[in-house]
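For reference, the structure discussed in these notes is given below.
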Amino acid sequence: MSAGALLGIAVCALCAAVLGAVVKKSNKEYALLLAAGAVVLIVVSVLKNLGPLTEQLARLAGEGGAQKLCLDAMLKAVGLTVLGQLAAQLCRDAGEAALAYGVELAAKVAVLTVAMPVITQLFEYLGEILKL
């Protein structure tokens, strides 16, 4: 991601924050929708710039095997974590702390689920080493 792209994201976020503060005085629901819309725009912008990074990570992972399994799990875990954090923060902004906790808990369980193939492979490798 270039410095110009980051600057654009920062300006978008600051504009949304200032506009949200003004709108929040009269209508909190619209302020929350404004924040959610700004987050969607920022996430789309980040995803557009993610291509070169994922290509480089794929080259590092090689053809397949354990490296590919780990890379796939890592990328899925990062995506689930970011999505969970965004949803939880929007819930907190709406004043729903209990919902935010539920979203965070669901994200943690989803990350553990994604990591299970890697953990299974690790235990298989350890079992092979101990047999030697």
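Structure values in brief
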quantity	calculated
Whole-number percent relative contact order across the chain, with pairs defined as alpha carbons under 8 Å at least 6 apart	20
Over the stretch 1-81, equivalent-ellipsoid semi-axes from the Cα gyration tensor in Å	36, 15, 7
Separation in nanometres of the label points that stand 7 Å from Cα toward Cβ, at Ser26 and Val109	4.2
CD proxy at 222 nm, helix term only [per DSSP H run n ≥ 4: -39500 (n - 2.57); per residue of the chain; nearest 500]	-31000 deg cm²/dmol
Per-residue HN-Hα couplings for the stretch 21-26 [Karplus 6.51, -1.76, 1.60; θ = phi - 60°; Hz; x = Gly/Pro]	5, 5, 5, 4, 5, 9
Per DSSP, loop GluC sites (Glu not before Pro) in the stretch 8-100 with at most 14 further Cβ within 10 Å	Glu63, Glu96
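Bear in mind these aren't lab numbers, they're just calculated from the coordinates by the rules spelled out. As the structure is a computational prediction, the values presented were derived from the model and not from experiment. All Cβ positions, even for glycine, are placed from backbone atoms using ideal geometry, and neighbour counts span all protein chains on display.
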